[in-house]
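Before any comments, here is the structure.
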Amino acid sequence: MLMVIDIGNTNIVAGLFHSDDLVQDWRLYTDPRRTDDEYASILRSLFRDSGIAPGTIDKTVISSVVPVLNNTFVHVVEKLTGKRPFVLGPNLYALLPVSIPDSATHEIGTDLVCDAVAAWTRYRRSCVVIDFGTAMTFTAIDDEGAIRGVAIAPGLGTAVKALFSDTAQLPSVPLEVPPSSLGTNTIHAIQSGVVLGYAGLLESLLERIRLDLGAPDAPAIATGGMSSVLEPVTSAFESVDKLLTLKGLCIIARVIG
């Protein structure tokens, strides 16, 4: 069995694959202050509750955009499985079915590389992945399987948190579609500006990216924990797959041997 771990700024998502089938996934809060013993204890409990023995894990591949947790999770996996994991990085990029620009080799997040691998494997043509995480990212892949570039905006949750943290009278609000763009109270006003405003950002930027790709019909696939927020207010997505990054890691695990 394969274990994949996606370490993000807000959440850590782990998945277990049997062949190409995702049989279990877990989501943890990212806390760089936790030790490897603490994370190992949490994961060991999750394995036990799922009725799966950690010893059945043959291989683990990790993607991380939180460098301080890299060694922590190497030790966690070694404690759980007795095997050293692969940590995705530039040393493995040459083996992947997508290519990364030389200028971005040490800058692009490995989560975006996983997204690109999964999307390219699915479509085999120009496509765009919108990942709704702490940041909202647009990763563009061309017809040759090359990552052409990335656009980054603050994530939906980050935008709401900034309003709540940096203003004296605006409350934190749930990210839901408001009844109208004309908010008649503070909650609906913020939901209009953030949820409907981000739908406009999404559609406008996606149109520009498709033009720059020279692929006006490039499919857009959404992923990430917040991807469902905009789904009711836009027709921009061909599909929504919250576990796309894990599926990309599964593909990468196969190609790196």
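Between Asp31 and Asp143, the modelled labels are 5.1 nm apart [label points 7 Å from Cα along Cα→Cβ]. How much mean residue ellipticity at 222 nm does the chain get from its helices, if each DSSP H run of length 4 or more adds -39500 (n - 2.57) and you divide by all residues, to the nearest 500 deg cm²/dmol? Using -39500 (n - 2.57) per qualifying helix, the result is -11000 deg cm²/dmol. Taking a straight Cα-Cα cut-off under 20 Å and skipping sequence neighbours fewer than 8 places away in the same chain, the aspartates and glutamates within cross-link reach of Lys161 are Asp31, Asp131, Glu176. Applying a DSSP loop filter and a limit of 13 other Cβ atoms within 10 Å to the GluC sites (Glu not before Pro) in the range 184-256 leaves nothing.
Projection of the Cα convex hull of the range 102-242, averaged over all directions and equal to a quarter of that hull's surface, yields 8.9 nm².
Relative to the longest principal axis of the Cα atoms of the chain, the long axis of helix 197-213 makes an angle of roughly 70 degrees.
Quick check for me: using +1 on Lys/Arg Cβ and -1 on Asp/Glu Cβ, what's the dipole size of the range 2-87 about its Cα centre, in debye to the nearest 20? The dipole of the range 2-87 has a size of about 200 debye. Dipole size of the chain about its Cα centre, with +1 on Lys/Arg Cβ and -1 on Asp/Glu Cβ: approximately 500 debye, rounded to the nearest 20. For the range 2-87, the relative contact order is 32 percent, taking Cα pairs closer than 8 Å that sit 6 or more residues apart in sequence and dividing their mean separation by the residue count.
In the chain, the longest principal axis of the Cα atoms and the axis of helix 156-166 are about 70 degrees apart.
Note on Tyr123 and Ser181: their simple-model spin labels are 2.7 nm apart, each label 7 Å out from Cα toward Cβ.
Sequence-distant contacts, meaning Cα pairs under 8 Å at least 6 residues apart, place the relative contact order of the range 101-257 at 26 percent. Is the C-alpha gyration tensor of the range 160-257 telling us rounded, prolate or oblate? Criteria: a/c under 1.5 is rounded; beyond that, a/b larger than b/c is prolate, otherwise oblate. Note, shape of the range 160-257 comes out prolate.
Convex hull of alpha carbon positions in the range 2-87: directionally averaged projected area 4.9 nm². When the Cα gyration tensor is reduced to axis lengths a ≥ b ≥ c, the ratio a/c is 1.5 or higher for the chain, and with a/b not above b/c it is classed as oblate. Partner aspartates and glutamates whose Cα lies under 17 Å from the Cα of Lys59, excluding those fewer than 8 positions away in the same chain, are identified as Asp6, Asp20, Asp21, Asp25, Glu78.
Values in this text are rule-based calculations from the coordinates and carry no lab data. The shown structure was predicted, so the numbers you read here are calculated from the model rather than taken from an experiment. Here Cβ is always computed from backbone atoms with ideal geometry, including for glycine, and neighbour counts include all displayed protein chains.
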